[in-house]
């Protein structure tokens, strides 16, 4: 195996915050990024009923590689495995096809579908890694259809990603709602105030909501979604739930005060701290990030 590995040329390839040297010929053909995802990292092989796993939540990246050069999966693994270990990842599991659990093990993984990723159930290698308590990665490498295929999946806390601040300015007043919704498709309901960790509105009369109602009355076929946001204090999972509760509290207020607007036209959801408009390092910034925006839904 060492002789074979010595013949594999390698090139640097960055993937999120992890940079690898990849064998020449193994080309990236697809990449999928998700700001909020779950990953079940296998800790052991198929035990006859399940694959013992550890659950991670955060921002994930799935990268698919392919090569027309038929290379043994273990040779590819031998190039990448030491690099992950060098970067502080610890090996949690390494196994091959039938020993892993064959069909049952492979289908416990979120593997991309053909034509992007092909897996020969009798010829694949799996390697799982973990770093600290909140980062994980796995590799699935297979020979199939006279090609070499590989999927690399990584997950890490969302706050470790470079979150880009929204370019949407905080509006000066509700009079801007109609124009800004028409031009950009969303608008910050800046006069809605929430305490840290709370979903209850402070008050029950808000000029921005009055402006929104007038907007909807003048456009009877238009629907919207209220999107809740939070500051970055607490876990992502908790903040996702809190942001949705904030949007629902605004939705409930609108449905109660303005029954002439069909309830189905006002939807609610939340995305936690994934779209800040200001720095969460300051009190003022955190207050700005605790907000609800209104987003237009395309008219069918």
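FYI, it's all coordinate maths here, none of it is from the lab. In this text, all values refer to a predicted model and were calculated from it rather than measured experimentally. FYI the Cβ positions are ideal-geometry reconstructions off the backbone, even for glycines, and counts take in every protein chain you see.
Here are some notes:
- Between the beta carbons of residue 299 and residue 205, assuming R0 = 35 Å, the FRET efficiency works out to 0.75 to the nearest 0.05.
- Figure legend: label point modelled 7 angstrom from the Cα of residue 90 along Cα→Cβ; residues of the range 102-137 with amide N under 19 Å from it are 127-137.
- Cα-based helix-to-principal-axis angle, 207-217 vs the chain, degrees rounded to 10: 80 degrees
- With contributions of -39500 (n - 2.57) from each DSSP H run of at least four residues, the per-residue ellipticity at 222 nm computed over the chain stands at -7500 deg cm²/dmol.
- Taking the chain as a Gaussian network of alpha-carbon nodes connected by springs under 10 Å, the highest mean-square fluctuation of the residues 148, 221, 158 belongs to 221.
- Secondary structure note: in the range 174-297, about 65% of the DSSP beta bridges are antiparallel.
- Radius of gyration, Dmax [the chain; alpha carbons; angstrom]: 24.2, 76
- D_trans [Stokes-Einstein, Kirkwood Rh over alpha-carbon pairs] for the range 174-297, 4 °C, 1.567 mPa s, µm² s⁻¹: 90 µm²/s
- Taking the DSSP beta bridges with both ends in the chain, the antiparallel portion is around 90 percent.
- Rounded tilt (10° steps) of 236-257 against the dominant C-alpha axis of the chain: 30 degrees
- Cα centroid separation, the range 24-73 to the range 204-274 (Å): 36 Å
- Panel order for 256, 238, by other beta carbons found within 10 Å of each beta carbon, from fewest to most: 256, 238.
- Inter-site label distance for residue 55 and residue 83 at 7 Å from Cα along Cβ, in nm: 3.2 nm
- Size check on the range 242-300: the Cα extents along the three principal axes, sorted descending, read 41, 26, 15 Å.
- Going from the residue with the fewest nearby Cβ atoms within 10 Å to the one with the most, 295, 51 rank 295, 51.
- The alpha-carbon atoms of the range 102-151, seen along their principal axes, cover 37, 20, 16 angstrom, with the largest extent given first.
- Difference of contour (0.36 nm per residue) and Cα-Cα distance, residue 34 to residue 68: 9.4 nm
- Degrees separating the helix 73-86 axis from the principal Cα axis of the chain, which is the longest one: 60 degrees
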